[in-house]
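The values are calculated or read from the model by the stated rules, or taken from the named source; none is laboratory data. If you're wondering where the values come from, they're calculated on a predicted model, not measured in any experiment. Here the Cβ positions follow ideal geometry from the backbone for every residue, glycine too, while neighbour counts run over all protein chains shown.
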Amino acid sequence: MTSFPKSLSPKRLLKLLKSERNPHSALALFDSATRHPSYTHSPDVFHHILRRLVDSRLISHVSRIVQLIETQKCNCPEDVALTVIKAYAKISMPDKALDSFQRMKQIFGCEPGIRSYNTLLNAFAESNRWEEAESFFKYFETVGMEPNLQTYNILIKIACRKKHFNDAKQLLDWMWKTGLQPNVHSYGTSINEFVKGGNLVAAMELFDEMFEREVIPDVMCYNILIDGFFRNGDFVKANEVWERLLEYSSAYPNSVTYNVMINGLCKCGKFDECWSIWERMKRNEREKDLFTYSSMIHGLCEAGNIDGAERVYKDMVENGVMIDVVTYNAMLNGYCKARKINDCFELWKLMEKEGCINVVSFNIFIRGLLENGKVDDAISTWGILRQRGCSADASTYGVLIHGLCKNGYLKKALDILQEAELGEGKVDNFGYSSMIDGLGKQGRVDEVAGLLCWMVKCGHKLNPYAYNPLIQAFVRASRLDDAVQFFRGVVSMGYSTSVVSYNILISGLCKAERFGEAYSILKEMLEKGWKPDMITYSSLMKGLFQRKNVDMALSLWNHVLEKALKPDVTMHNIVIHGLCSVGKVEDALQLYSKMRLRNFATNLVTYNTIMEGLYKTGEYEKASEIWTQISTDGLQPDIISYNITLKALCSSGKISDAVGFLDDALERGILPTVITWNILVRAVLTTGFKTALSI
C-alpha cells in the first residue's frame, strides 16, 4: 500500500496518478487517497481518474466515483460530466448517461452546455435509440439550446443508420443553404455510413461533392471508400480512389491505408499490385504492423504463392514483429496446400515451442496431413489435441471424418463420429455428409439410412448435403423407387431441397429409361420455382433423344430458349446428335450454322457429330466442308474424326481414299484404334482379296 505524507495535496496525488501506468493500480491509489484523513479530491483528480475508467472492464467503478463527487459536493467543470456521459455512451448505457445529464447541476455543480447535449444525443444514436434521439433533439428548441455543426453531424449519422440516406443528403444540402458549412467530419460520417449500408455509388458522389465544395477529404475518407469497394469486390473502383489519394497532396496514405490496400488486393488475387504496395511502404518507411504481415501472408498462401509468403514471414521475423497464432496458422495452411509436409512439421514444432497453437491450428494441420495421405500422422495429431485438453470443435470432427473417409478409413471415421455424439463432441453437417457419402459410395445404403436417422435424433437438421448421398446411393444400387420415395419423404417433412437433388433423380431415371417420370420431376421443379441448370436439361434431353422421343426433347429445347437460358456446347451437341440420329440432318446443320453466326463456341464433338450425320445421308461434299472447317477453326481432328470419314469412304467403296486418310492420321501422330482396323478389314472383306493386296 502506498504511504502518503500527512498533508496530501490534490496536486501531489495527480502527479502520482499520472506516473502510474496501470489503471487498476491508479484506481487503488485513488481509493487510498480517498480514505486519507483531511484530504479532499479536486475536480482535476476526479477528471483524471474518470478518464482512466473509460475501459469497459473498469466502467463499473464510474458510478462509485460519481457518487463520491456528489457526496463531496465538488463543483466540477462540464468536462468532468462529459467524461462520465461519454463513458456510459461507449458501453451503450444511454439511461445512465441520461441520468448523469439530468442531474448534472446536482452532481457536478455545473449546467449542461451544447457539448453535453451533443454527447447525450450521440449516446442515443450509438445505442440505436432513434426515437429518443429525435425526441431529445426537439428538446434542444424547448430549452433554447442552439444546435451546432456537431449536432447536425450526429443527426446525419442517425439518418444514415436508419438507412434514410436521402434524408442525410438533404440535411447536408440544408446545412450549406443556411450557412452552416459542413466539414470533413460531416462528409466523413455520411460516407462511412453510406458505405456500411452498401450504398457505394452515393458515397462516391458525396466524396466528389467534397472537392466541388472545397471541403478537403482526410485520409480516413479515402480509407473508408477503398475498403468499401474492396469488400464489394470492386478492385477497379478501389484502385481509382487509391490513385486519387496519391495524386492529391492534401492527404497522404497512412498505415491503415496500406493495410486496407494489401488486404483488399490479396483477396482480389492482385499479388503483383500487392508487392508494389509492399515496396512503396518500404520506400516511404511506413511501419508494417501485425495486420499488414498477416494479410499479406494469408493472401499469398491462399493463392498458392508459398515462396512469396515465406519471404514476408522472414521479413516479419527479421523486423522483430511478434507473430501471433493467426499468422502461424496462415503459414501452416500455405505449407499444407503446397504439399510441403516437412515444412509443416518444422513449423508445427516452432508453434509448439512458442505456445502458439489453438484448435484452428489442429484443424489445419490434420486436414493437411489427411489431404496428403498422412493418415497415421493425422490420427496421432488428433490424439495430441485430446491429451492437451484442447476442445475439438465441430470443424475438427468434420475435417477428421471427411479426410478419413476420403482415404478409405471408413470404420475409423464411423468410430470417431459415434464417439463424438455419445460423448461431449459435436459433429456438424459436413462431418455427417462426408460419412454418408463415404458409405454411400461403397453401396452401404442401409447404414446410410441408419446414420441419417441417428443424425435427426441428435438434433441435426437434414440438408441436401446430408441426404443427397443417400439418393445417389439408391440410384447407384438401381433402387430408383426407394430414391424417389425417400426424396418425397424429405420434401413432405419440410426439409430444403436443391437443384442437385433433382439432377440426381432425373439422371438416374433417364439412365433407367424412365423418361416420363424424369419429365414429371422436371415439371415439378419448374412449378416450385426452381431453376433447372444445364445438367438437368441435358440429362433429360439426352435420354429423350436416345428413346427417339424427339418431339418431347425438342419441346424441352424450345423451353430452354424461351426462358432465355444460355445452353452450353454440351447441350447443343446433344440436340445436334439427337436430330442426326433420326435423320433430321438439315435441322442439325441449321442449329450448327446458328452457333457459328452467334460466335458460340463449338468443339470437336460438334464437328464430328455433324460430319457423321451428313455422311449417313450421303452429303459427302458438305461433310468434307465440315472436315475443312475443323482445321480452319484451329482444332485438330482426332481418331474419332478419322474413323467417321474412313467408315463413310469405305461404305461408298472408296478404299484408296480411305487408306490415304489413314496415312494422314499416322503422319499427324494419331494412332488407329481397334475400331479403325475393323472398318478397314470389313471394307476389304466386302470388296474382295484383290483390294486387300493393293492395301
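Values computed for the structure shown
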{"quantity": "Considering residues of the range 417-435 that are at pLDDT 85 or above and out of contact with any Leu (no Cβ under 6 Å at 6 or more places or on another chain) only, the residue surrounded by the fewest Cβ atoms within 10 Å (Cβ to Cβ)", "calculated": "430"}
{"quantity": "Residue within the range 101-118 that is in contact with a His (Cβ under 7 Å, 6 or more places away or on another chain) and over 25 Å from residue 240 (Cβ atoms) present", "calculated": "no"}
{"quantity": "Cβ pairs under 8 Å, 6+ apart, first in the range 668-687 and among the basic types (Lys, Arg), second surrounded by 12 or more Cβ atoms within 10 Å (Cβ to Cβ)", "calculated": "668/637; 682/650"}
{"quantity": "Residue within the range 295-307 that is free of Cβ contacts under 8 Å to residues at least 24 places away in the same chain and under 24 Å from residue 259 (Cβ atoms) present", "calculated": "yes"}
{"quantity": "Checklist (1) on the phi > 0 side of the Ramachandran plot; (2) within 40 Å of the chain's Cα centre (by Cα) applied to residue 157, failing item", "calculated": "(1)"}
{"quantity": "From the options 684, 605, residue that is in the same structural domain as residue 576 (by TED's automatic domain parsing) and either hydrophobic (A, V, I, L, M, F, W, C) or outside any helix (DSSP H, G or I) (or both)", "calculated": "605"}
{"quantity": "Residues of the range 434-461 that turn out to be farther than 15 Å from residue 409 by Cα and either among the aliphatic types (A, V, I, L, M) or within 30 Å of the chain's Cα centre (by Cα) (or both), as a count", "calculated": "11"}
{"quantity": "Unique match (being assigned to a loop (DSSP other than H, G, I, E, B) and surrounded by fewer than 21 Cβ atoms within 10 Å (Cβ to Cβ)) among 279, 310, 287", "calculated": "287"}
{"quantity": "Residues satisfying the stated conditions in the range 531-548, i.e. in a loop (DSSP other than H, G, I, E, B) and surrounded by 17 or more Cβ atoms within 10 Å (Cβ to Cβ)", "calculated": "532"}
{"quantity": "Residue under evaluation residue 570, criteria (1) among the polar types (S, T, N, Q); (2) at pLDDT 85 or above; (3) over 18 Å from residue 605 (Cα atoms), criterion not met", "calculated": "(3)"}
{"quantity": "Some residue of the range 43-66 being in a loop (DSSP other than H, G, I, E, B), at pLDDT 90 or above and under 26 Å from residue 133 (Cα atoms)", "calculated": "no"}
{"quantity": "Some residue of the range 610-623 being in a helix (DSSP H, G or I) and free of Cβ contacts under 8 Å to residues at least 24 places away in the same chain", "calculated": "yes"}
{"quantity": "Listing of helices (runs of 4 or more DSSP H) fully contained in the range 84-190 that carry 1 or more residues being at pLDDT below 90", "calculated": "94-102, 114-126, 130-142, 149-161, 165-177"}
{"quantity": "Where residue 495 falls short, out of the listed (1) assigned to a helix (DSSP H, G or I); (2) modelled with pLDDT under 85", "calculated": "(1)"}
{"quantity": "Index of the failed condition, residue 55 passing every other in (1) within 22 Å of residue 157 (Cα to Cα); (2) surrounded by fewer than 22 Cβ atoms within 10 Å (Cβ to Cβ); (3) in contact with a Pro (Cβ under 7 Å, 6 or more places away or on another chain)", "calculated": "(1)"}
{"quantity": "Boolean, residue 226 is in contact with a helix residue (DSSP H, G or I) (Cβ under 6 Å, 6 or more places away or on another chain) and closer than 20 Å to residue 117 by Cβ", "calculated": "no"}
{"quantity": "Single condition residue 553 does not satisfy, out of (1) within 27 Å of residue 627 (Cβ to Cβ); (2) not in a loop (DSSP other than H, G, I, E, B)", "calculated": "(1)"}
{"quantity": "Test result for residue 585, buried (at least 20 other Cβ atoms within 10 Å of the Cβ) and within 24 Å of residue 607 (Cβ to Cβ)", "calculated": "yes"}
{"quantity": "Index of the failed condition, residue 90 passing every other in (1) within 39 Å of the chain's Cα centre (by Cα); (2) within 30 Å of residue 179 (Cα to Cα); (3) surrounded by 14 or more Cβ atoms within 10 Å (Cβ to Cβ)", "calculated": "(2)"}
{"quantity": "Residues that are within 21 Å of residue 515 (Cα to Cα) and either at pLDDT 90 or above or under 37 Å from the mean Cα position of the chain (by Cα) (or both), drawn from the range 580-596", "calculated": "580"}
{"quantity": "Within the range 246-276, considering residues that are surrounded by 13 or more Cβ atoms within 10 Å (Cβ to Cβ) and charged (D, E, K, R), the one farthest from the chain's Cα centre (by Cα)", "calculated": "273"}
{"quantity": "Tally of residues being surrounded by fewer than 18 Cβ atoms within 10 Å (Cβ to Cβ) and more than 15 Å from residue 568 (Cα to Cα) across the range 588-618", "calculated": "6"}
